[in-house]
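Peer 1: Dropping a structure here in structure tokens format, bear with me for questions.
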Amino acid sequence: MMIATVFKTSTPGTNSLMSTSSFDQADIISTVEFNYSGDLLATGDKGGRVVIFQREQESKNRPHHRGEYNVYSTFQSHEPEFDYLKSLEIEEKINKIRWLPQQNAAHFLLSTNDKTIKLWKISERDKRAEGYNLKEEDGRFRDPVRITTLRVPVLKPMDLMVEASPRRIFANAHTYHINSISVNSDYETYLSADDLRINLWHLEITDRSFNIVDIKPANMEELTEVITAAECHPHQCNVFAYSSSKGTIRLCDMRAGALCDQHSKFFEEPEDPSNRSFFSEIISSISDVKFSHNGRYMMTRDYLSVKVWDVNMETRPLETYQVHEYLRSKLCSLYENDCIFDKFECCWNGSDSAIMTGSYNNFFRMFDRNTKRDITLEASRESSKPRAILKPRKVCTGGKRKKDEISVDSLDFNKKILHTAWHPKENIIAVAATNNLYIFQDKVN
């Protein structure tokens, strides 16, 4: 696979100077997202902060620094809150970030914690106005009696300043924790999903949203499944998909009715009776669903595998890729340490020909859909020094372990890659490993 030879351009995190053994929980990265051009990369963390990295322009003086990403802006998106009616603490952790397409010089993104979605404007300022009539340069107001002449303010150059300002706050619409936000292809609306409901918002209207899916039963004791992820179709603004904890995906069309409780298509793979166990329902729960860029396919991630579905074929997935099948024998201990409930994300490359998802021990997996080849790589400070070529890793599942292989029993389940992102046009990937962000790209000849 072309992506097998990659090197790390940087390891910035919100606190990348800390050793990985001792770090603040607030520094754990909880979401990673490239913008539509791939020039900006946003990360959110458990401390409610958003860090934006900007790709440097190519320079003749520094030919080897092809498109390095450096910190562009950092801001506090969410603060911890307390719901006094329910006596619940609301975490500041950023659950999802979604960029809007750039329309002018400024950039806009949506960020959400468990309850509140915010629209942020990120803009640059390199000029300031001088020569005010009613105030001095230091900001003190002038005595109007002493003003005898009219001055025309002039713009003077200043050091570049990147400002992040909240333009809209979308609150009080979700009873349960928000797990997904997705910008619609009309770029005017977006949807937000929690465990039992999906709401449709207009980007300009903060005090009203439309409930388009509601799976809450009249009696909560009859609850059998929850919504785990939702995404809008990339080209058809009336179509969206959502996944459930039962391993099913529903495709809905908003033209069919104001409430989309009746799905248009229902995707489910029949369970193999030979693999039936106590953990079957837990590991079949879908943690992420993503449409391909062309809108023809959907990718879903469950605990052990990634599946690619053709939106025109509901009966079974088109492709199934095993991420870490060797963990099937370890499900009992993974259940006891709660790792079995980890929610891994997945992503497509720009041409939809390859997919990527994370695993344990800071491993991440890549699958080439054309050649059916796969590779396991590791994101760690020890194995990936800047500009070093990453070596494929192999896990020994039984028998005699070879020299470069790692035993299943020695995998570190505290080191997990849940969040990954792929540049929309190039073979550049971003991988969040606890409190560190790794950016890898194809080897430059």
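The values are calculated or read from the model by the stated rules, or taken from the named source; none is laboratory data. This structure is a prediction, so every number in the text was calculated from the model and none was measured. Methodologically, a virtual Cβ is constructed for each residue, glycine included, from the backbone with ideal geometry; neighbour enumeration extends over all protein chains shown. Note: accessible area is taken over every heavy atom of the protein model, side chains too, but ligands, DNA and RNA are not part of it. Shrake-Rupley method; radii C 1.70, N 1.55, O 1.52, S 1.80 Å.
Peer 1: Kindly point out, ordered by number, any Cys in the chain whose beta-carbon has no other cysteine beta-carbon under 4.7 Å away.
Peer 2: Lacking a cysteine Cβ partner under 4.7 Å: 232, 237, 332, 339, 346, 347, 396.
Peer 1: Follow-up. Could you compute the FRET efficiency for residue 220 and residue 274, with r as their C-beta to C-beta distance and R0 at 22 Å, rounded to 0.05?
Peer 2: For R0 = 22 Å, the calculated efficiency reads 0.05.
Peer 1: Could you give the alpha-carbon Rg of the stretch 303-445 over 2.2 N^0.38 Å, rounded to two decimals?
Peer 2: Normalised Rg, Cα atoms only: 1.08.
Peer 1: Using only C-alpha atoms and all pairs of different ones, pull out the Kirkwood radius for the stretch 95-169 in Å with one decimal.
Peer 2: Kirkwood radius, the stretch 95-169: 15.6 Å.
Peer 1: P(r) tail for the stretch 62-125, what percent of Cα pairs lie past 18 Å?
Peer 2: 54 percent
Peer 1: Let me check I've understood the local charge: for residue 37, count other residues with C-beta under 12 angstrom from its C-beta, Lys and Arg +1, Asp and Glu -1. What total comes out?
Peer 2: My count for the surroundings of residue 37 gives 0.
Peer 1: Then there is this: Give the aspartates and glutamates reachable from residue 156 as a straight Cα distance under 16 Å; neighbours fewer than 8 places away on the same chain don't count.
Peer 2: 124, 126, 130, 136, 137, 138
Peer 1: Taking the simple approach of a point 7 Å from Cα along Cα-to-Cβ for both residue 161 and residue 326, what is their distance in nm?
Peer 2: Between residue 161 and residue 326, the label points sit 5.4 nm apart.
Peer 1: How long is the gain from residue 316 to residue 370 if the chain were fully straight, where each residue apart is worth 0.36 nm and the alpha carbon distance is subtracted?
Peer 2: Taking 0.36 nm per residue and subtracting the Cα distance, the gain is 17.5 nm.
Peer 1: Sticking with this structure for a sec: Ignoring ligands, DNA and RNA, what accessible area per residue does the chain give at 1.4 Å, in Å²? Please report the intermediate quantities before stating the final value.
Peer 2: Values: 22660 Å² over 445 residues.
About 51 Å² of surface per residue is accessible.
Peer 1: Shifting gears a bit: In whole percent, and with a 1.4 Å probe on the protein chains, what portion of the accessible area of the stretch 83-229 is carbon and sulfur?
Peer 2: Numbers: 4380 of 8760 Å².
Looking at the stretch 83-229 in its full context, I get 50 percent from C and S.
Peer 1: With a ≥ b ≥ c the root eigenvalues of the C-alpha gyration tensor of the stretch 191-250, is it rounded (a/c under 1.5), prolate (a/b larger than b/c) or oblate?
Peer 2: Verdict is oblate for the stretch 191-250.
Peer 1: Then there's this: With +1 on the Cβ of every Lys and Arg and -1 on the Cβ of every Asp and Glu, and nothing else charged, how large is the dipole of the stretch 17-160 about its Cα centre, in debye rounded to the nearest 20? Write down the numbers at each step before the final one.
Peer 2: Working: 22 positive and 23 negative charges, 130 e Å.
I would put it at about 620 debye.
Peer 1: Run the helix sum for the chain: -39,500 (n - 2.57) per DSSP H stretch of 4+ residues, divided by residue count, reported at 222 nm to the nearest 500 deg cm²/dmol.
Peer 2: -500 deg cm²/dmol
Peer 1: OK, next. Rounded to the nearest whole Å³, what is the per residue volume of the convex hull around the Cα atoms of the stretch 37-186?
Peer 2: 205 Å³
Peer 1: Among the listed pairs 86/121; 290/402; 46/118; 93/290; 46/86, give every one whose C-alpha distance is greater than 27 Å. Before the final figure, lay out each step's value.
Peer 2: On the way: 86/121 32 Å; 290/402 36 Å; 46/118 16 Å; 93/290 22 Å; 46/86 22 Å.
The answer is 86/121; 290/402.
Peer 1: Return one quarter of the surface area of the convex hull spanned by the alpha-carbon atoms of the chain, equal to its mean projected area, in nm². Before the final figure, lay out the partial values.
Peer 2: Values: hull surface 111.3 nm².
Approximately 27.8 nm², given one-decimal rounding.
Peer 1: Would you list, by chain and number, the aspartates and glutamates whose Cα falls below 17 Å from the Cα of residue 343, excluding same-chain residues fewer than 8 positions away?
Peer 2: 33, 45, 114, 194, 195, 225, 231, 281, 288, 302, 325, 412
Peer 1: Let me ask something else about it. Using a Förster distance of 35 Å, how high is the FRET efficiency between residue 187 and residue 74, based on the Cβ-Cβ distance and rounded to 0.05?
Peer 2: With a Förster radius of 35 Å, E is 0.85.
Peer 1: I want to check the label-to-label distance for residue 24 and residue 401. Put each point 7 Å from Cα in the C-beta direction and report it in nm to one decimal.
Peer 2: The two pseudo-label positions are separated by 3.7 nm.
Peer 1: What's the extension gain from residue 235 to residue 337 if we count 0.36 nm per residue and subtract their Cα-Cα distance?
Peer 2: Roughly 32.6 nm would be gained on extension.
Peer 1: Oh, and also: Heavy atoms only, probe 1.4 Å: what % of the accessible area of the stretch 257-298 goes to carbon and sulfur, would you let me know?
Peer 2: Of the solvent-accessible surface of the stretch 257-298, carbon and sulfur hold 51 percent.
Peer 1: So for the stretch 292-445, taking the charge dipole from beta-carbon charges (+1 Lys/Arg, -1 Asp/Glu), which of 356, 332, 297 sits furthest toward the positive end?
Peer 2: Projecting each Cα onto the dipole axis, the largest value belongs to 356.
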